[in-house]
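Everything below concerns the one structure shown next.
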Amino acid sequence: MMSEIKPLILVCNDDGFFSPGIKALAKVASEFGEVVIVAPDRQQSAVGHAITMSVPLRANELTIAKKYKGFAVNGTPADCVKLAHGNLLERKPDLILSGINHGSNAGINILYSGTVSAATEGTILGYSSIAVSCTAYPEEADLTGAQEAARRVIKFVLDRGGLPKGVTLNVNAPAGEFKGIEWSRMADSRYVEEYEGRVDPFNRSYYWLTGEFELLDDGSDSDIHILNEGKATVTPIQYDLTDYSLLKDFGSNNL
Ligand code: MN
């Protein structure tokens, strides 16, 4: 028998409560259930899994696009999910979504991403969680394909009754129309960083991060490879960072 209570879907992001991407994801989420948005009150990209410990958190209740109930929080994406879980939601969410991020969270970006960390925090707290990103940075980018990718992955997760413990799904999509979605793995990649040095008006040095993304992976099953072919990707990721095969190998050595 179908439950009469609609699924509750928590939507978070790292670009902030007012980004177009979060509205685009809330719209898709509303096809599946009741939506509550809990998101940072400002841009929090690349904060990773940071949490706030030194200042109090405040949650400002707001309505977005005149229809979605939500809270803007003066904290990080992970803070938002923890606070929603512990204090802000009237019942436990059936699903946690994070995004749609403006910018790729494929390859090594996963580790720096606040968007992915909001979803990972959801997984840590025991909820089925999905991160969704569009590889194009501009806020006016066409998110149609990312929305369709999200729709398909949400349906997959709800139809199977949730995700296994410890697993988060990381979805990426190119800008523009939907051209298919493939399962993928995280591409081996890194940033080759450079800090441009300048001098401020008070004659003090400062440094600003620049840098280039470097793909170290030529496999055709990686997220970046598939995205470069124009399709969306979904990668199952896990927060347990233990290298089990190496533990078995190293573990036989006495230290
Ligand atoms: Mn972002």
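The values are calculated or read from the model by the stated rules, or taken from the named source; none is laboratory data. These numbers come from a predicted model, not from an experiment. Note that each Cβ is placed from the backbone with ideal geometry, even for glycine, and that neighbours are counted across all protein chains shown. The protein model used for the area step is the full one, side chains on, heavy atoms only, and it has no ligands, DNA or RNA in it. Shrake-Rupley method; radii C 1.70, N 1.55, O 1.52, S 1.80 Å.
Odds and ends about this structure:
- Note on the chain: GNM, Cα springs under 10 Å; of R58, R160, R152, the largest mean-square fluctuation is that of R160.
- Straight-distance crosslink candidates among lysines, where the alpha carbon sits under 25 Å from K248 and sequence neighbours closer than 8 are dropped: K165
- Measuring between their Cα centroids, the stretch 68-90 and the stretch 10-27 lie 13 Å from each other.
- When each of the peptides 19-30, 208-219 is scored by the mean number of other C-beta atoms lying within 10 Å of its residues, the order from highest to lowest reads 19-30, 208-219.
- In terms of its alpha-carbon gyration tensor, the stretch 61-172 comes out rounded; the largest-to-smallest axis ratio a/c stays below the 1.5 threshold.
- Proximal aspartates and glutamates relative to K155, as straight alpha-carbon distance under 14 Å, when same-chain residues fewer than 8 apart are discounted: E31, D94
- Partner lysines for K69 [C-alpha distance under 21 Å; skip if fewer than 8 residues away on the same chain]: K6, K23, K27, K82, K92
- Whether the stretch 1-143 is rounded, prolate or oblate, judged on the alpha carbon gyration tensor where a/c under 1.5 counts as rounded: rounded
- Pairs of Cα atoms nearer than 8 Å and 6+ residues apart set the relative contact order; for the chain it is 17 percent.
- Label-point separation in nm, T63 to Y137, each point 7 Å along Cα→Cβ: 3.6
- Anisotropy class of the chain from Cα gyration tensor, a/c 1.5 cut: rounded
- Label-to-label distance, E196 versus F156, with points set 7 angstrom from Cα along the beta-carbon direction: 4.0 nm.
- Modelled this way, with points 7 Å down the Cα-to-C-beta line, the labels at Q43 and E229 are 3.4 nm from one another.
- If both residues of a DSSP beta bridge must be in the chain, then about 45% of such bridges are antiparallel.
- For V157, the solvent-accessible surface computed with a 1.4 Å probe is close to 0 Å², ligands and nucleic acids excluded.
- Note that the chain presents 55 Å² accessible area per residue, ligands and nucleic acids not counted, probe 1.4 Å.
- Amide H contacts of E214 (H built 1.01 Å from N, under 5 Å, at least 5 apart or other chain): R190, Y191, V192
- Accessible-area ranking of H225, H102, largest first, probe 1.4 Å: H225, H102
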